[in-house]
Structures are given as C-alpha cells and as structure tokens.
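The values are calculated or read from the model by the stated rules, or taken from the named source; none is laboratory data. All of these numbers come straight from a predicted model, not from anything done at the bench. Every residue, glycine among them, receives a Cβ derived from its backbone with ideal geometry; neighbour counts consider all protein chains shown.
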Amino acid sequence: MIGYYVHHQGLGHLHRALCIAGQARSTVTGLSSLAPPAGWPGPWVRLPLDTGGPAAVDARAHGRLHWAPLHHPGYAERMAAVAGWLGRVRPALLVSDVSVEVACLARLMGIPVVVVAMRGGRLDPAHRLGHDLALRLLAPWPASVPEPGWPAHWYEKTVYAGAFSRADGRVPPPAPDDGTRRVLLMLGAGGNGVTADQVHAARDATPLWQWDLLGGPGGSWSGDPWPRICAADVVVTHGGQNAVAECAAARRPTVVLPQDRPYDEQHATGRALRHAGLALVRERWPEPAQWPAVLDEAAALDGAAWARWAPGDGARRAARALDAMAGTPWEG
C-alpha cells in the first residue's frame, strides 16, 4: 500500500497523483481535502480542511514549518486523520505532494516518505527539513534540466521522471489545415494576473490570429483541454508544471508567461525552459505591439523538441520507482 497526500490548492497536484496512481502496481490511497477524481483506482481518505475558523497563530513555527497553526481545530483534525490512517494501515510508503508537515508526520511514525519536488527557491528551513528527511525526491522534469542550487545529497536521491500529464499516450490529431492561424490562451485554476483588458488588447493587436480562451478572463473552461491544445498553432500559458506538461505532450509551440507563485516556482520553470530552448518565455505579459512578433517567434519553434522534456512515459517511470520502494514487483 502507498499513501499519496494531495494538496488541495489548484488542480495540478491532483492530476499528477491520478497519473501516477493509474500506472502503479501497488494499491494507492489518496489523502486530500479534495474529492477523488474520476478514474481514481484505489481508496480515498477525505481530509478536513485546515483553513478557516480562528486566526492562525504561529502557523510557521518560527520559520521551521509552512502551516502548523497553534490551537487550530481544523489543522488538528486534519493531522489526526492522517495519523490515524497511517497508524491503522501502516503503508509501505507515503508520497507527499506537497506538505512538509505531512511528510514529517509520516516519517515520525516510521513510514518512508517520498516528496514530490517543485522548482523554485526551496532552501528555506521547512523545505530543507522535508527534503532532507525524504527517502527520495520525485522530480517531474528531466535530469538534463535539473533545478540549480540544490544541496548535493538532494540530487543524489532524486528520481527524474520527466514531465508527465493526463495527455500522455494520446496521439495528437493534426491541427486544422484551413489557413487560419490559431492561438490558445490557457490559464489555470490556481489564479492568474491577466486582465480582460490585456487579453482584448492582445487580440486587437494580432488580427491575423484567431484566439481561443481557456480559463482566465472571458474564457470558457474544459475538463479536457487536449483537443483545443492540439488545434492551436501556438499555446500561451502560465508556468505551472501540469500546464507546461500538457503543451509538451501535444508537442505544440508554446509561449510561457510565468505567474507569481510562492517560492518563485513558475519563474524557475520558465528559466529551465528557456535554458533548454523548448519554449518562448516572457517574464511579463507583452505589450500589445509586441504580440505579433511573440506569436511568430513561438510558431517557429520545433514542437517535437518537447520530447526532451516530456518523454511520454513519465508517470510510468514515477510509478515504477514508487512500486520498487514499496516492494511491489513489476513484470516486463
């Protein structure tokens, strides 16, 4: 049995967990405040929320943790639920995606921990604690583009799965061949800094392009963005790991506009993509007059190069590594 803790902010953690659990030979139990996603293959433990209620007191434990408020009933109930499950089931492994506090709790109960790595400035005391105590770090990016500045022992215990997404294994249909140049603006569920006025100005500045809006101001939403990604000549998106992985799976030329996130995560992803030459990265939303050149430059990128970032079997690689740590054999 593998336990998989899924953070409830945004949907990226949930999608990543579903990809890995669907490939694992071990039974994987999800632990989260989120509802189980469609297709989840194993048990699911719904956790109480640890927000709301009384004001948080010393939530960061003098900088040593990220969220451990004193005398907070929601937090206490949540950690008690995790501890109760760990004590009853005694899983072979606990994957934390991502909570330093849950990782510490599992390790204190004698359960080996795998921490899903995220890019950005993770050298604060709390991240160091979680990464140091982990048996392995699971990086959803390739070894050829490591996160710079880590301690040597973190690199030594990292499993590099490569980027993966729900779209892995799907064959991209050919883009429409009707002479229309299409751009998809794909913004995520975790919040973005793009305004409706910025989108309108970009559309007005690029009359030779047809814009499709997925999320964000004025955009529709879809539980399956794959057909719309594949139909685009260029995708414009934020720097979230899963959004980038879906563009990579479709092998579409991409403009990445990193959003401000804790620990500079998306900007760090942007730097990695720029270094690898895989996407056109702009640190801020371009001015209207810049958009024609931005889209033309992105359209000239070789989408096939995305295979270096997302080889197509990343979730299987991650699942195989977790199964090995949990003692579940693979055949073939």
Q: Looking for whichever is part of a helix (DSSP H, G or I) and of a type outside the set (Ser, Thr, Tyr) here; the options are Leu14, Leu65. Which one fits?
A: Leu14
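Let's see how each residue does on (1) of a type in the set (Gly, Ala, Ser); (2) more than 24 Å from Ala139 (Cα to Cα); (3) more than 23 Å from the chain's Cα centre (by Cα); (4) surrounded by 21 or more Cβ atoms within 10 Å (Cβ to Cβ):
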| residue | (1), (2), (3), (4) |
| --- | --- |
| Ala80 | yes, yes, yes, no |
| Gly84 | yes, yes, yes, no |
| Val89 | no, yes, yes, no |
| Ala92 | yes, no, yes, no |
| Val102 | no, no, no, yes |
| Arg107 | no, no, yes, no |
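Here is a check on your reading of the model: is Leu273 in contact with a strand residue (DSSP E or B) (Cβ under 7 Å, 6 or more places away or on another chain), under 30 Å from Val171 (Cβ atoms) and in a strand (DSSP E or B)? Show your work before the answer.
Numbers: in contact with a strand residue (DSSP E or B) (Cβ under 7 Å, 6 or more places away or on another chain): yes; under 30 Å from Val171 (Cβ atoms): yes; in a strand (DSSP E or B): no.
Taking the combined requirement at face value, the residue does not satisfy it.
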Q: Among residues belonging to region 32-57 that are over 16 Å from Tyr4 (Cα atoms) and touching a Pro at 6+ places or on another chain (Cβ under 7 Å), point out the one that is surrounded by the fewest Cβ atoms within 10 Å (Cβ to Cβ).
A: Val57
Q. For region 185-216, which residues satisfy the criterion of being out of contact with any Leu (no Cβ under 8 Å at 6 or more places or on another chain), in a loop (DSSP other than H, G, I, E, B) and either surrounded by 15 or more Cβ atoms within 10 Å (Cβ to Cβ) or assigned by TED's automatic domain parsing to the domain that holds His15 (or both)?
A. Asn192
Q: Would you mind stating whether Ala289 is among the small types (Gly, Ala, Ser), surrounded by fewer than 17 Cβ atoms within 10 Å (Cβ to Cβ) and either more than 17 Å from Val183 (Cβ to Cβ) or assigned by TED's automatic domain parsing to the domain that holds Pro146 (or both)?
A: no
Q.
Restricting to region 232-245, and then to whatever is at pLDDT 95 or above and part of a helix (DSSP H, G or I), can you tell me which residue is farthest from Gly162 (Cα to Cα)?
A. Val244
Q) How about region 279-302: which of its residues are within 29 Å of Leu138 (Cβ to Cβ) and assigned to a helix (DSSP H, G or I)? A) none
Q) Only one of (1) surrounded by fewer than 21 Cβ atoms within 10 Å (Cβ to Cβ); (2) touching a residue at least 40 places away in the same chain (Cβ under 8 Å); (3) closer than 27 Å to Arg25 by Cα; (4) of a type in the set (D, E, K, R) is not met by Asp97, so which one is it? A) (1)
Q. Of the residues Ala324, Ala248, Ala305, which is in a helix (DSSP H, G or I), in contact (Cβ under 8 Å) with a residue 60 or more places away in the chain and among the hydrophobic types (A, V, I, L, M, F, W, C)?
A. Ala248
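Which one is surrounded by the most Cβ atoms within 10 Å (Cβ to Cβ), of the residues in region 146-162 that are part of a loop (DSSP other than H, G, I, E, B) and under 18 Å from the mean Cα position of the chain (by Cα)?
Ala161
Among the candidates Arg182, Arg170, which residue alone is part of a strand (DSSP E or B) and touching a helix residue (DSSP H, G or I) at 6+ places or on another chain (Cβ under 7 Å)? Don't jump to the end; show me each part of the working.
Values: Arg170 fails: part of a strand (DSSP E or B).
Selected residue: Arg182, the only one of Arg182, Arg170 that is part of a strand (DSSP E or B) and touching a helix residue (DSSP H, G or I) at 6+ places or on another chain (Cβ under 7 Å).
Looking at the structure I just gave you, is Ala143 within 19 Å of the chain's Cα centre (by Cα) and crowded, with 22+ Cβ neighbours inside 10 Å?
Values: within 19 Å of the chain's Cα centre (by Cα): yes; crowded, with 22+ Cβ neighbours inside 10 Å: no.
Taking the combined requirement at face value, the residue does not satisfy it.
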Q: Return yes or no: is Arg170 over 18 Å from the mean Cα position of the chain (by Cα), surrounded by 11 or more Cβ atoms within 10 Å (Cβ to Cβ), within 19 Å of Glu246 (Cβ to Cβ) and not small (Gly, Ala, Ser)?
A: yes
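Kindly indicate which of Ser222, Ser165 is in a loop (DSSP other than H, G, I, E, B) and surrounded by 20 or more Cβ atoms within 10 Å (Cβ to Cβ). Even if it seems obvious, please write down each step before you answer.
Numbers: Ser222 fails: surrounded by 20 or more Cβ atoms within 10 Å (Cβ to Cβ).
Answer to the selection: Ser165.
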Q) Out of Arg252, Arg282, Arg317, which single residue is charged (D, E, K, R), out of contact with any Phe, Trp or Tyr (no Cβ under 7 Å at 6 or more places or on another chain) and buried (at least 21 other Cβ atoms within 10 Å of the Cβ)? A) Arg252
